[in-house]
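The values are calculated or read from the model by the stated rules, or taken from the named source; none is laboratory data. None of the values given here were measured: they were computed from a predicted structure. Cβ atoms come from the backbone with ideal geometry, glycine included; neighbour counts cover every protein chain shown. Remember, those area values only see protein heavy atoms, side chains included, never the ligands or the DNA or RNA. Shrake-Rupley method; radii C 1.70, N 1.55, O 1.52, S 1.80 Å.
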Amino acid sequence: MRSARRIIAISTALAAATAPLLAVASPAAAAQPATTAIQQNLPLDDVLPIQGLNPLAQLKRVKQLLKSGYVPQALSVTNAANPQYASLWVKDVTRKVNVLQGLTAIDLQKRITEQLKLGYVPTIISGTGSGPGAIFAAVFEKKSSAKAEAKFNMTAEVFQKLNAQLGGAGLSLASVDVYGTVEKPLYAAVWVAGAATGAVKVSLGQTVEERGKALLAMAKQGLRPVLMAIEPGQLYTTVWSKGSTAGLKEHLNLSRVTYTLQNTKMKALGYKPVVLDTAGNTFAAIWSKG
């Protein structure tokens, strides 16, 4: 265990032995009454947006949410020098997941191999920083039989080529994130068989203005945004899938304060957050109604 950067793993699956820094919980624990002050303050919403947490606060909140029957729908880490976490959680006591944070690139590759052997496939990877200072967070889900590929440290060219290859093999993007630098953005992605996204197009390196025009153009083609990542330099990568944009509301280039305000506003209007990413102090999110 390193003192400077700790690898933290949190699981909803019971294990015979507990590794250092591994907190274990079961979906059945969701039926138990809350006992701590934090648990008592947990909202009872089906979808919970959480943001602005440092690693220790994130660890505490993740343990609490997993024990309360929630699983992460989105997870984003930003600011490698002083990591901050944002996430979306949905109520689902049937799924078993492992959530890892504070991983280096070497750690992440080892954990992907380790988790696959245990029957957990990667579903989300988020990265921040560059070079040996980059750190990652990841989510793995227990699946009896599911094909999945997870890659990171990819250039845009490698990412696009691999996406085309895996798409032809029947795998779809389930997660994408962009980190690194403006001069050298790097991609982390997860492809799975039968992904809910059903990705058909991916746009990279768009400004906010270009992204707005793309939304209108894609909508005319019967496509909607299902995944989104903020690139270094305030650019956007978006994954598009078949479906109507009716009932969707998105906001880009939000600050932490305006993101929180938008969540409150959207909730009052009957919308739930479905897509979230962060980069530095910038937030981008999509809400859905119905």
Exercise for the section: Give the carbon-plus-sulfur fraction of the accessible surface of the stretch 234-277 in %, rounded to a whole number; probe 1.4 Å, heavy atoms of protein chains only. Expected result: 61 percent
Fill in the blank from the handout: Quick shape check on the stretch 53-207: root eigenvalues a ≥ b ≥ c of the Cα gyration tensor, a/c under 1.5 is rounded, otherwise prolate if a/b tops b/c, else oblate, and it reads oblate
Completion exercise
Under the rule rounded for a/c under 1.5, else prolate if a/b exceeds b/c, else oblate, using alpha carbon gyration tensor axes a ≥ b ≥ c, the stretch 160-260 is classed as oblate
Handout entry: Net dipole in debye of the stretch 60-178 [+1 Lys, Arg Cβ; -1 Asp, Glu Cβ; about Cα centre; nearest 20]
Key = 520 debye
Practice task
Count the net charge of all other residues whose Cβ sits under 15 Å from the Cβ of LEU235, scoring Lys and Arg as +1 and Asp and Glu as -1.
Solution key: -3
Exercise for the section: Compute the distance in nm between two label points, each set 7 Å from the Cα along the Cα-to-Cβ direction, one at VAL93 and one at GLU157. Expected result: 5.2 nm
Practice task
Please give the contour-minus-distance gain from LYS213 to GLN109: 0.36 nm per residue of separation, less the Cα-Cα distance, rounded to one decimal in nm.
Solution key: 33.7 nm
Exercise for the section: Net charge near VAL190: determine it from the other residues with C-beta under 10 Å of the C-beta of VAL190, scoring Lys and Arg +1 and Asp and Glu -1. Expected result: -1
Fill in the blank from the handout: Lys and Arg at +1, Asp and Glu at -1: neighbours of GLY52 with Cβ under 12 Å from its Cβ sum to +2
Exercise for the section: Hey, can you find the accessible area per residue of the stretch 55-288 for me, probe 1.4 Å, expressed in square angstrom? Expected result: 43 Å²
Fill in the blank from the handout: Relative contact order in percent for the stretch 66-219 (Cα pairs under 8 Å, 6+ apart) equals 20 percent
